[in-house]
1. Please go through the range 112-144 and pick out each residue that is buried (at least 22 other Cβ atoms within 10 Å of the Cβ) and of a type in the set (Val, Ile, Thr).
2. Please give the number of the condition residue 66 fails out of (1) touching a helix residue (DSSP H, G or I) at 6+ places or on another chain (Cβ under 9 Å); (2) touching a residue at least 12 places away in the same chain (Cβ under 8 Å).
3. From the list 56, 83, 39, pick out the single residue that is of a type outside the set (Gly, Ala, Ser) and within 18 Å of residue 5 (Cα to Cα).
4. Suppose the filter is exposed (fewer than 15 other Cβ atoms within 10 Å of the Cβ), within 15 Å of the chain's Cα centre (by Cα), hydroxyl-bearing (Ser, Thr, Tyr) and under 26 Å from residue 66 (Cβ atoms); does residue 168 pass it?
5. Within 18 Å of the chain's Cα centre (by Cα) and closer than 19 Å to residue 107 by Cα - does that describe any residue in the range 24-35?
6. Report, ordered by the first and then the second residue, all pairs with beta carbons closer than 6 Å, sequence separation of six or more or different chains, a first member in the range 132-150 that is outside any helix (DSSP H, G or I), and a second member that is of a type in the set (Ser, Thr, Tyr) and buried (at least 19 other Cβ atoms within 10 Å of the Cβ).
7. Listed residues 86, 74; which is surrounded by fewer than 20 Cβ atoms within 10 Å (Cβ to Cβ) and either free of Cβ contacts under 8 Å to residues at least 24 places away in the same chain or within 14 Å of the chain's Cα centre (by Cα) (or both)?
8. Check off (1) farther than 19 Å from residue 108 by Cβ; (2) modelled with pLDDT under 95 for residue 183 and give me the number that stays unchecked.
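The values are calculated or read from the model by the stated rules, or taken from the named source; none is laboratory data. Nothing here was measured: the structure is a model prediction, and the numbers come from that model. Ideal geometry is used to build each Cβ from the backbone, glycine not excepted, and the neighbour counts take in all protein chains shown.
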Amino acid sequence: MGKKRAFYDKKDHSKVIGEYYKLFDRYDGTNAKSIKNQLIRLIQKDPYFLDSYLLLYEVLRDEKDFEEAERVLDEAYKKAMELITDKNDKWPDILEWGWLENRHIIRTILNKAISLWENNHMDEALNLFRNLLKTNPNDNVGARYYILAIRMNMSLEKFEKRFDRGGYHDNELPQWFERNYKKFPDEFDWWEKAIKNYE
């Protein structure tokens, strides 16, 4: 077996990152127009700093402009794939959350997977969640929970109704996962073995 290919984002985003965090802190739902214009400017300045797209996506969703929001998310997702995949469109073996510079990429892929789930594209959503889990078994973003929910035929709406507490997951979520994941050995046997390396 060849050497594992790990991805670390080595692009320099310093030209936009400070401005982005100021905008993030300033956005309160009432100042969408000025925030949107500034985010578009940041995206033009650094098209590969994906958090700018994600905040714009959130602002557009808050405005109920779902079509434009999806277009922005798709653009971010395409950029994420350009960054991490090789010339054969193959994912890296390792895409870790622990490397801070990777987080904007992982958040983008996670948002795209959740959007696919919301729009009933279950197979495509599962594929992305599985890749996120495979490349980072420590699973700081909770891809395993989403995989299990989809395998248990839950819609995103039902999942959020049960576990979402205003942007945070209910403490019951890990217990629910522990009770149910062994029903899907085809999905989680490899993960159970992999996670032992992190303990």
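1. Across the range 112-144, the qualifying residue is only 135.
2. (2) is the only condition that residue 66 fails.
3. Answer to the check: 83.
4. yes
5. Yes, the range 24-35 contains a residue that is within 18 Å of the chain's Cα centre (by Cα) and closer than 19 Å to residue 107 by Cα.
6. Close Cβ pairs satisfying both conditions: none exist.
7. Details: 86 fails: either free of Cβ contacts under 8 Å to residues at least 24 places away in the same chain or within 14 Å of the chain's Cα centre (by Cα) (or both).
Among 86, 74, only 74 is surrounded by fewer than 20 Cβ atoms within 10 Å (Cβ to Cβ) and either free of Cβ contacts under 8 Å to residues at least 24 places away in the same chain or within 14 Å of the chain's Cα centre (by Cα) (or both).
8. (2)
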